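Comments concern the structure below.
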Amino acid sequence: MQFEGNISSKFPKLGTTIFTVMSAMAREHDAINLSQGFPEFQPDSRLLQAFESALRSGNHQYAPMAGWLPLREAIAAKTEKLYGQNVDPETEVTITAGGTQAIFTAIAAVIHEGDEVIVFAPAYDCYAPAIELVGGRPVFYNLSAPDFKIEWEKVKKLISSKTKLIIINSPHNPTAKVFTASDLEALEHIVKGTNIMLLSDEVYEHITYDNKPHQSVLSRKLLAERSFVVSSFGKTYHCTGWKVGYVIAPQNLMQEFRKVHQYNVFSVSTPAQVAFAEIIKEEDMYLSLSSFYEVKRNYFRDALKASRFGLLECEGTYFQLASYDQISDAKDVEFAKWLTVDKRVASIPISVFYSHIPDSRVIRFCFAKEEETLKRAAEWLSKI
């Protein structure tokens, strides 16, 4: 049975995301899946016990639209401790169905027809479609391998009278770069005295390496007062499938955010929120995350030393970029598919994170996997 009428969606040229495509190819060809960014291991038993307790305690009905208040209060306390920002849990914190929903909702809340949004590419692939869906126009600042450095004076030249929002992401997916204090200082100079808002995607806030601190916009008053800050429980607690995150924003921005949130989600899993309200008090679970993943990063990089891949710097997230220019002249999408089918290791080509196809041969591996998985993948990759 099929609808015979004329179909004209708002995204007629968009296909299935590369993450779905590569994961499906990995299953089809029995390849080691280092493509999609999800952990291979189970959440901490303390979280599972808290979730089970929440289930058995009868928390099965709708949570409040803004989120379970004890969880919002715990988030506010954590935010003040980590970033020195006093957040009102009643009016400035909202629990969301993961980071992607939070990003879409923030964009939908403040972007109007013709508004411009500055996006740093390569960029997480939900940014531009969300902007376009609500009538905005993404304006891209293209970062180049291997250092993906931002030249803020060039960013400033992209600002126009139509610029409404700047989207930033640190630690950055897919480049694994981390903002420095000087980056935030430069950003402050750009937005000071303007009405430009910020959307700060900080879902990997607890995953930085080599003693590099996470630079949150929440630590700077001028930036915090104009920002939607997105965080993810899924990334922090190894439970991406639970799809729970949150947004922090000043009251006037949050009012607009909730107007959209109440109609595209309304509320999020109650037992999960009850569990997180308890587990967020276990500070070691997020404070130890960087060292946990740093061990995996180092193991994977060491295991690939014998390969022909060139490993780019990895400052944060659980992604490792690798250049294959000593292996093949193929375009990265073609190379990633060949790697999956012939060599049984799935990756993500970074060209899909750009609005244009860059002239660089770089792919992304996810190392949020068990050591045995990383070992097998590295052995196969080293034989190329």
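Each value in this text was obtained by applying a stated rule to the coordinates, not by laboratory testing. Every value quoted in this text rests on a predicted model; they were computed, and no experiment measured them. Quick reminder, even Gly has a Cβ in these numbers, built from the backbone with ideal geometry, and neighbours come from all protein chains shown.
Restricting the chymotrypsin sites (Phe, Trp or Tyr not before Pro) of the stretch 220-297 to loop positions (DSSP other than H, G, I, E, B) with no more than 13 neighbouring Cβ atoms within 10 Å leaves PHE266. Bridgeable lysines around LYS164 (alpha carbons under 16 Å apart, same-chain partners fewer than 8 residues away excluded): LYS156, LYS192. Annotation: amide H of GLY245 within the under-5 Å range of THR96, ALA97, GLY98, PHE233, sequence separation 5 or more or interchain, hydrogens built in the peptide plane.
The spacing between the stretch 192-268 and the stretch 319-384, judged by their C-alpha centroids, is 30 Å. Straight-line reach from LYS331: which aspartates and glutamates have Cα under 12 Å away, leaving out those fewer than 8 places along the same chain? Within the straight-line cut-off, LYS331 pairs with ASP359. Cross-link pairs exceeding 31 Å in C-alpha to C-alpha distance, out of LYS243/LYS375; LYS212/LYS375; LYS281/LYS337; LYS177/LYS259, comprise LYS281/LYS337; LYS177/LYS259.
The alpha carbon centroids of the stretch 97-162 and the stretch 49-90 are separated by 29 Å. If you sort the three axes of the alpha carbon gyration tensor as a ≥ b ≥ c, you get a/c of 1.5 or more for the stretch 115-197 and a/b no higher than b/c, which makes it oblate. Across the chain, Cα pairs under 8 Å and at least six residues apart give a relative contact order of 26 percent. Applying the criteria of a DSSP loop state and at most 16 other Cβ atoms within 10 Å to the trypsin sites (Lys or Arg not before Pro) of the stretch 245-320 yields LYS281, LYS305, ARG308. Let me make sure I get this right: for the stretch 240-294, a, b and c are the square roots of the gyration tensor eigenvalues over alpha carbons, sorted descending. Under 1.5 in a/c it's rounded, otherwise prolate if a/b > b/c, else oblate. Which is it? Verdict is prolate for the stretch 240-294. Modelled label positions at GLU370 and LEU311, each set 7 Å beyond Cα in the direction of Cβ, lie 2.2 nm from each other.
Kindly state, to the nearest 0.05, the FRET efficiency for GLU282 paired with MET1, given R0 = 45 Å and r defined as their beta-carbon distance. After rounding to 0.05, the efficiency reads 0.30. Put a dot 7 Å past the Cα of ASN195, heading toward its Cβ, do the same for THR20, and the two dots end up 3.8 nm apart. Rounded, prolate or oblate: which fits the stretch 187-277 when a ≥ b ≥ c are the square roots of the eigenvalues of the alpha-carbon gyration tensor, with rounded for a/c under 1.5 and prolate only if a/b beats b/c? Oblate shape, in that a/c is at least 1.5 and b/c is the bigger or equal ratio. Modelled this way, with points 7 Å down the Cα-to-C-beta line, the labels at ASP302 and LYS331 are 3.9 nm from one another. Of all DSSP bridge pairs formed entirely within the chain, close to 45 percent run antiparallel. Stokes-Einstein diffusion for the chain at 25 °C, viscosity 0.890 mPa s, with a Kirkwood radius from C-alpha pairs, works out to 113 µm²/s.
Note that the stretch 326-343 has calculated 3J(HN,Hα) couplings of 8, 10, 8, 9, 5, 5, 5, 5, 4, 5, 4, 5, 4, 4, 5, 6, 8, 10 Hz, one per residue in order, obtained from phi through the Karplus relation 6.51 cos²θ - 1.76 cosθ + 1.60 (θ = phi - 60°); glycine and proline are x.
Using the number of other C-beta atoms within 10 angstrom as an exposure proxy, rank THR194, THR96 with the fewest first.
THR194, THR96
Of all trypsin sites (Lys or Arg not before Pro) in the stretch 328-384, which ones are in loop regions per DSSP and have a Cβ with at most 14 other Cβ atoms within 10 Å? Within the stretch 328-384, the qualifying trypsin sites (Lys or Arg not before Pro) (loop, at most 14 other Cβ atoms within 10 Å) are LYS331, LYS383.
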